[in-house]
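The values are calculated or read from the model by the stated rules, or taken from the named source; none is laboratory data. All figures in this text were calculated on a predicted structure; none of them were measured in a lab. Note that each Cβ is placed from the backbone with ideal geometry, even for glycine, and that neighbours are counted across all protein chains shown.
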Amino acid sequence: MAEVNVLEAIRETLDEALSEDDRVFIIGEDVEAGGVFRATDGLAKRHPGRVKDSPLAESSIIGISIGAAHYGMRPIAEIQFADFIHAGFDQLCSEASRWSYRTKGEQYLPMVVRTPWGGGVHGGQHHSQSIEAYYTHMPGIKVVAPSFPADYRSLLKASIADPNPVLFLEHKRTYRLVKQDVANAPAETSIGRARITRRGADLTMFAYGLMLHECLAASEELAGEGIECTVVDLLSLQPLDVETVLEAARMTGKVLVVHEDTLTGGFGGEIAALIAEHAFEYLDAPIRRLAAPDIPAMPYHHAMEAFFMPDKQKIAAAARDLAAY
């Protein structure tokens, strides 16, 4: 297979899922025309009646998906931007996440909610949110955040096949930026597994989505200075690959957790707490978090957006301080 970008990997996987399973259908705003980012471009024509436009009502998109999944369908709900998903929060929190639990495991909800998240595209306060921390706090919903096209393909397939609700996060900045020959690339096929994408003895970085690529770029720069970094792509935030997280932390004794959500209450705090509780005796320095500042929303102006977002330079600077501790 030729090199594809993230968006192409998603579209091809959705096409395959629709072709292989009559229970699969897609519902969301403007999906018949391809969606804002063209993730479903051409699918309505190829699969008549199974790529359905919805009203501008995220609660109904998720609610319809819950009902369809209950009656044996495999819905894939697209929320146009992650910023809009909160309108369906109650459906996800009060219904989807608790469905199996309240039926003593007798019923499941095989549904996927796909949504573009994150900044770096000058989307301003209503199109740039990182929403993962809210939803990793919901036992009963799996949360997946890939970084490379091959993982988007394999983990989207795994999400569609999973009997549980899955929130599938697609970082919009990576859609056309990140490319890969998926035929020859490593791909994680199971939800709940992380991958060590780079090995080094001086410190360990944990990241996901766009920040994984920023960490890899920073690590390349630091290698030229004699600082070798281990970089872990978390891939799945809920469930989390605790074994790999602890292994990677113990390897170097110095930990830098990077995410573009705000610092306070961000998912990085869970990684830090896990390592502090179970690998404290291996640490040679305090655990360091690098995240966005605690301000209400992403600024629109490019200079302010750059101030908000962690990037290669900020990660490299934090890593130098940590390596020197």
A297 being touching a Lys or Arg at 6+ places or on another chain (Cβ under 7 Å), surrounded by fewer than 19 Cβ atoms within 10 Å (Cβ to Cβ), in contact (Cβ under 8 Å) with a residue 60 or more places away in the chain and of a type in the set (G, A, S): no
In segment 130-147, how many residues are in contact (Cβ under 8 Å) with a residue 40 or more places away in the chain, in contact with a strand residue (DSSP E or B) (Cβ under 9 Å, 6 or more places away or on another chain) and in a loop (DSSP other than H, G, I, E, B)? 8
For segment 292-305, check the following and say yes or no: at least one residue is outside the structural domain of A133 (by TED's automatic domain parsing), at pLDDT 95 or above and in contact with a helix residue (DSSP H, G or I) (Cβ under 6 Å, 6 or more places away or on another chain). yes
List the number of the failed condition for M251; all other conditions in (1) over 21 Å from the mean Cα position of the chain (by Cα); (2) aliphatic (A, V, I, L, M); (3) surrounded by fewer than 16 Cβ atoms within 10 Å (Cβ to Cβ) hold. (3)
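Results for (1) within 30 Å of M298 (Cα to Cα); (2) of a type in the set (A, V, I, L, M), shown as yes or no for each residue.
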{"position": "F206", "(1), (2)": "yes, no"}
{"position": "M211", "(1), (2)": "yes, yes"}
{"position": "A218", "(1), (2)": "yes, yes"}
{"position": "G224", "(1), (2)": "no, no"}
{"position": "E228", "(1), (2)": "no, no"}
{"position": "V231", "(1), (2)": "yes, yes"}
{"position": "L256", "(1), (2)": "yes, yes"}
Condition check: over 21 Å from the mean Cα position of the chain (by Cα) and of a type in the set (A, V, I, L, M). Does I315 satisfy that? no
A201 fails exactly one of (1) in a loop (DSSP other than H, G, I, E, B); (2) among the hydrophobic types (A, V, I, L, M, F, W, C); (3) over 28 Å from K254 (Cα atoms), namely (3)
Between a first residue in segment 240-269 that is in contact (Cβ under 8 Å) with a residue 40 or more places away in the chain and a second residue that is of a type in the set (K, R), which pairs have beta carbons less than 6 Å apart while being 6 or more apart in sequence or on different chains? D241/R193; L256/R288; V257/R289; G268/R289
Does S147 fit the bill of being in contact with a Gly (Cβ under 8 Å, 6 or more places away or on another chain), more than 22 Å from D294 (Cα to Cα) and small (G, A, S)? yes
Among residues of segment 155-174 being of a type outside the set (A, V, I, L, M), crowded, with 21+ Cβ neighbours inside 10 Å and in contact with a helix residue (DSSP H, G or I) (Cβ under 9 Å, 6 or more places away or on another chain), the residue farthest from H127 (Cα to Cα) is P165
Among the candidates L290, L322, which residue alone is crowded, with 19+ Cβ neighbours inside 10 Å and over 15 Å from L210 (Cβ atoms)? L322
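Hey, any hits in segment 162-169 for a residue that's closer than 21 Å to V231 by Cα, more than 15 Å from the chain's Cα centre (by Cα) and either part of a strand (DSSP E or B) or among the aromatic types (F, W, Y) (or both)?
No; the residues of segment 162-169 include none that is closer than 21 Å to V231 by Cα, more than 15 Å from the chain's Cα centre (by Cα) and either part of a strand (DSSP E or B) or among the aromatic types (F, W, Y) (or both).
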Got at least one residue in segment 205-213 being in the same structural domain as M309 (by TED's automatic domain parsing), surrounded by fewer than 18 Cβ atoms within 10 Å (Cβ to Cβ) and among the aliphatic types (A, V, I, L, M)? no
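A quick yes/no check of all residues on (1) touching a helix residue (DSSP H, G or I) at 6+ places or on another chain (Cβ under 8 Å); (2) without any contact (Cβ under 8 Å) to a residue 12 or more places away in the chain; (3) among the polar types (S, T, N, Q); (4) not in a loop (DSSP other than H, G, I, E, B):
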residue	(1), (2), (3), (4)
D41	yes, no, no, no
A44	yes, no, no, yes
G67	no, yes, no, yes
I85	yes, no, no, yes
F89	yes, no, no, yes
E95	yes, no, no, yes
R98	no, no, no, yes
V113	yes, no, no, yes
S128	yes, no, yes, no
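Taking the stated definitions as given, is T136 under 14 Å from the mean Cα position of the chain (by Cα), under 30 Å from D284 (Cβ atoms) and of a type in the set (V, I, T)?
yes
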